[in-house]
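Below is one structure, written out as structure tokens; the observations come after it.
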Amino acid sequence: MSATWPWVILGRVPRVLPIPGDDEAEAVAAAAFRAPDFSFRVALPPRATVLTVAPLAHPDPNEPDSYPYILAAGPDCLLLNFAVKPFYGVHSALDARETYLVVARRFGTSGGQQGHAGTPLGQRIPVRRDRDGDAPVAYNVGSVGLVASYGGDYTVAELRVDRGGERARLFRFREGDEGWVEDELSSPLAAEDRAWVPDGVVAQKNTLWWFDLSWGLLSCDVVVDEPVLLFHKLPEDRALGKDWWPGIHTHRCVAVSRRELRYVEIVTEDGGGDKEAATVSMWTRLMANPAAGWEWEKKYAMSFEKLWNDNTYMDTGLPRKVPVLSAVCPSNPNLVYFALEQRLFGVNVPVHKVVEIADEPHERVETPWPAPASCRYVHAWNLPPRVASDLDLVGFSSSDEDEDQEEERDEEELLKLGLQAAMRMDPATLKSEVEKFFNFEERPPSPEKKVLMQLRPRPPFNFWLTDKEAEADLAEVDRRVMTKRRRDE
């Protein structure tokens, strides 16, 4: 079995510790001052993990936000939105003075409690300047995304799309820069008589996917100098009319699993929560070929009735009721997590079996409003490498998943990188590298071979590919990658 990467179901509303003052909070807060600014106790699925924010980690400790919000998560960092009393970071800003973006990164376990991880590093993102002065650092919490690498580089981006506008505005802040950069992009929604209501953002390598769960997604590579914005409709007939309801995130989500973009939806025939006809389906967004462009491929569909009738579900003691859609395992798209009666459970959807269930209500921060464990309030996060290694969790898998989880380094991608590197070599260097790889040692030919070479002269083997041959090889690698992944799934 290959090593698998550990991950957590991260609550998106952190727990904020109180500032010392009253007798009741003083002991807790005093301990917090000795703790990292941002910390969490690792609770592997099907349990939930909650981030704890120390008092002085807030950008404005005198007016701390009781309910900040984790906008996005990268390989070794979290992007948080803080507001100032009486506002909450979990909601969108109304004024430039109300909100702060902070990147917490480089998590480790040294100096913390057993099973805990933390970081003293919280980098505040600069205020954004608009034509009229300071602007909110984030216009909408559902429109801010993060692209990050294991090396520590990151890019924060927010997309603003106005109804009927011919141009969309992309705001980007790169780690190490002094301020934000604004780009005006051609809007693919200019002809649509419909508002874009962002429900969230996910990252797939350097591409951010903004999604409005009622009708589609917008995507662009936020690292390139000249990004291009594309629109993708939801699969098949899943787009809704212009009517939108606040609880849409309990039945729909967009996620990245096994490096592919996934759309998951619970479909109830007539809006009922306990209908036998309810199903859960997953589609995968694929680039079939450059000519056809992006398209959705349906991966599976499962009737909840089949799940409810299975012994693994009946053993949980849960009622025959449609649950909340919570998360998709980052390494196994067949494993989807749901929440019902405050308990999280994982289902292998294609075989309609419960594979694990929490034995107690999932940990969460109590909010003044309902906060179900949907994609709005939980996020599937691969643990930072140092944390996973220190806690000896590398190789753990709660899903019996045996895929190689070397992030963005599977064998097909390495082959593709090798071909691209070969295309940039001169013939002599390429010949040397090939011979070195195959442990080939060139020796003088024997007398017999010399005679044969004189009788049958041949041109030397050409290690160099023409551009056409190289492009054909890369296209073949792409084809084999897609074939292998479809077969594995």
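FYI, it's all coordinate maths here, none of it is from the lab. All values derive from a computational prediction rather than experimental measurement. All Cβ positions, even for glycine, are placed from backbone atoms using ideal geometry, and neighbour counts span all protein chains on display.
Key figures for this structure:
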| quantity | calculated |
| --- | --- |
| Footprinting exposure proxy for 39, 186, 66 (fewest neighbouring C-beta atoms within 10 Å first) | 186, 66, 39 |
| Length added when fully stretched, residue 301-residue 483, from 0.36 nm per residue minus Cα-Cα | 63.4 nm |
| Ranked 353, 242, criterion: other C-beta atoms within 10 Å, fewest first | 242, 353 |
| Label point distance in nm, residue 160-residue 85, each placed 7 Å from Cα along Cα→Cβ | 3.0 nm |
| Under 5 Å, built H, 5+ apart or other chain: amide partners of residue 43 | none |
| Where labels lie 7 Å past Cα in the beta-carbon direction, separation of residue 390 and residue 205 in nm | 3.2 nm |
| Across 242/321; 298/353; 299/321; 85/205, pairs whose alpha-carbon gap is larger than 30 Å | 85/205 |
| Extension gain (nm, one decimal) between residue 123 and residue 178, 0.36 nm per residue minus Cα-Cα | 18.5 nm |
